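Asker: To start, I am sharing the structure in question, which I have written as structure tokens.
Every number in this text was worked out from the coordinates using simple rules, so none of it is lab data. Worth saying up front: this structure is predicted, and the values here are computed from it rather than measured. Glycine gets a Cβ as well: all are built from the backbone with ideal geometry, and neighbour counts include every protein chain shown.
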């Protein structure tokens with residue numbers, strides 16, 4: 001009798017083991033997309049969304065630049081703010097770094113999602129970063145004028161609300177071109193980069209501390225100021241650019257002022273420069289000219305295409321990186337004619353750097369299918385740059 005019972009139990013064990021293995025195989029075949037009705041705090045990093053109250057449906061679809069897996073979560077209402085509400089869900093930032101929010105059938109743009117993002121405010125006309133549970137007032141900044149050629153140039157300096165000029169722990173610095181478009185929410189018809197809002201979110205969720213220094217352009221002189229003279233450009237109107245003068249202004253005038261008057265690090269590892277379009281090529285040029293000053297450069301929708309690969313190869317081959325190789329973040333969209341014109345130059349720069357032995361680990365390139373050439377898309381990708389800058 002005991003032998004029969006043992007035989008029966010053995011058969012059951014085999015059956016259950018086979019069933020478990022079969023179920024496991026089914027899960028492996030369906031990893032491309034996982035859907036959840038709701039997710040709890042144990043499921044990862046929170047994503048807060050501020051939107052109109054009483055949405056019939058609000059979901060977040062998480063994805064990754066590096067993979068094809070997606071994860072869709074139903075957001076639940078957390079706070080009632082009157083006409084608006086805060087909704088929340090959670091996802092794993094080790095797996096996903098992008099998110100699309102769908103409200104009543106309407107999709108947002110593809111937004112950055114990482115440990116340093118907190119929330120996104122949604123409306124029919126904007127997608128703005130915000131920090132849940134914090135003061136999200138319009139950022140304030142200081143204006144400082146400097147002599148520049150035969151005129152003056154304004155520099156906007158943003159410090160966090162709790163900035164401590166005497167703190168033992170110093171602040172990192174991000175120097176940025178087109179400063180007039182970084183903080184003011186009505187800077188352009190597309191709004192601003194909302195840089196301060198993204199940095200505030202990062203600081204609220206990490207030990208990193210940072211100030212931002214935005215160098216305004218000079219309207220009609222912008223193309224001249226932000227174009228380095230590396231050789232014959234692909235467009236004649238960009239000949240004889242004064243990017244070298246601008247680079248000297250940043251390194252010899254603005255940086256010494258900031259380092260003297262603000263509680264900041266002065267080493268390259270805590271100093272970055274970033275810009276878009278003409279500001280992207282100029283930021284890259286400044287970092288290549290001064291690798292001893294800048295540890296990271298962000299070139300968003302950069303105008304690298306102003307010079308052909310042969311010109312870039314000749315220029316880069318002469319650079320001295322004995323002080324270190326700046327980490328390079330390159331991004332470009334594909335969504336309109338201007339982005340598509342700039343895309344080949346952005347796409348080929350990693351290869352140009354590789355030819356001179358630039359470490360592959362120090363170069364990151366990303367392109368977004370539907371992204372346009374404006375502040376909206378630089379705003380929604382900027383938190384991704386922050387994650388690259390402060391890994």
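Asker: What distance in nm separates the simple spin-label points at residue 219 and residue 245, each placed 7 Å from Cα in the Cβ direction?
Answerer: Placing both labels 7 Å along Cα→Cβ, they lie 1.8 nm apart.
Asker: Can I ask one more? Where does the chain land at 222 nm, in deg cm²/dmol rounded to the nearest 500, when only DSSP H runs of n ≥ 4 count, each adding -39500 (n - 2.57), divided by all residues? Before the final figure, lay out each step's value.
Answerer: Values: 9 runs with 111 residues, N = 391.
Mean residue ellipticity at 222 nm (helix-derived): -9000 deg cm²/dmol.
Asker: Exposure proxy check: 219, 178, 107 ranked by fewest other beta carbons within 10 Å? All intermediate terms of the calculation are to be shown ahead of the outcome.
Answerer: On the way: 219 7, 178 26, 107 11.
The order, fewest Cβ neighbours first, is 219, 107, 178.
Asker: Could you tell me how far the Cα centroid of the stretch 150-220 sits from the Cα centroid of the stretch 287-353, in Å?
Answerer: Taking the Cα centre of the stretch 150-220 as reference, the centre of the stretch 287-353 is 23 Å away.
Asker: Once you put a point 7 Å from the Cα of residue 180 and another 7 Å from the Cα of residue 267, both along the Cβ direction, what distance in nm separates them?
Answerer: For the pair residue 180/residue 267, the computed spacing is 3.8 nm.
Asker: Would you list 249, 113, 321 from fewest to most Cβ contacts within 10 Å?
Answerer: Starting with the residue having the fewest Cβ neighbours, the order is 321, 249, 113.
Asker: In degrees, nearest 10, range 0 to 90: what is the angle between the Cα axis of helix 375-389 and the longest Cα principal axis of the chain?
Answerer: It works out to around 80 degrees.
Asker: Further question on the same structure: Once the Cα gyration tensor of the stretch 90-144 is found, what semi-axes does its equivalent ellipsoid get, as square roots of 5 times the eigenvalues, in whole Å, sorted largest first?
Answerer: 24, 17, 10
Asker: Considering Cα pairs under 8 angstrom that are at least six residues apart, work out the relative contact order of the stretch 33-130 and quote it in whole percent. Write out the running numbers ahead of the final one.
Answerer: Numbers: 220 pairs, mean separation 31.9, N = 98.
It comes to 33 percent, rounded to a whole number.
Asker: Between the helical axis of 195-204 and the dominant principal axis of the chain, each derived from Cα atoms, what acute angle in degrees is found, rounded to the nearest 10?
Answerer: 50 degrees
Asker: Take residue 77 and residue 355, extend 7 Å from each Cα along the Cα→Cβ direction, and tell me the distance between the two endpoints in nm.
Answerer: Reported label-point gap for residue 77 and residue 355 is 5.9 nm.
Asker: Mind running the shape call on the stretch 142-389? Use the C-alpha gyration tensor, a ≥ b ≥ c as the square roots of the eigenvalues: rounded below 1.5 for a/c, prolate if a/b tops b/c, oblate otherwise.
Answerer: On the way: a/c = 1.34, a/b = 1.32, b/c = 1.02.
It is rounded, given that a/c, with a ≥ b ≥ c, falls under 1.5.
Asker: Does anyone have the angle between helix 2-29 and the longest principal axis of the chain? Alpha-carbon axes, 0 to 90°, nearest 10?
Answerer: Approximately 30 degrees, to the nearest ten.
Asker: Mind sorting 379, 151, 222 by how few other Cβ atoms lie within 10 Å of their own Cβ, fewest first?
Answerer: 151, 222, 379
Asker: Over all directions, average the projected area of the Cα convex hull of the stretch 33-130 and note it in nm². Write out the running numbers ahead of the final one.
Answerer: Values: hull surface 23.4 nm².
With the hull built on Cα positions only, its mean projection is 5.8 nm².
Asker: Then there's this: First measure r as the distance between the Cβ atoms of residue 207 and residue 321, then evaluate 1/(1 + (r/R0)^6) with R0 = 35 Å and state the FRET efficiency to the nearest 0.05.
Answerer: With a Förster radius of 35 Å, E is 0.75.
Asker: Right, something else. Gain in length, residue 102 to residue 362, computed as 0.36 nm per residue apart minus the alpha-carbon separation, to one decimal in nm?
Answerer: 90.1 nm
Asker: Given Cα positions, please report Rg to Rh for the stretch 252-391, the hydrodynamic radius being the Kirkwood one.
Answerer: 0.97
Asker: Taking Cα pairs under 8 Å and at least six residues apart, what relative contact order does the stretch 111-201 come out at, in percent?
Answerer: In percent, rounded to a whole number, it is 27.
Asker: Still on this model: How high is the relative contact order of the chain? Use alpha-carbon pairs under 8 Å, at least six apart in sequence, and give a whole percent.
Answerer: Over the chain, the number comes to 12 percent.
Asker: Rounded to the nearest 0.05, what FRET efficiency do residue 65 and residue 144 have when you use their Cβ-Cβ distance and R0 = 41 Å?
Answerer: With a Förster radius of 41 Å, E is 0.65.
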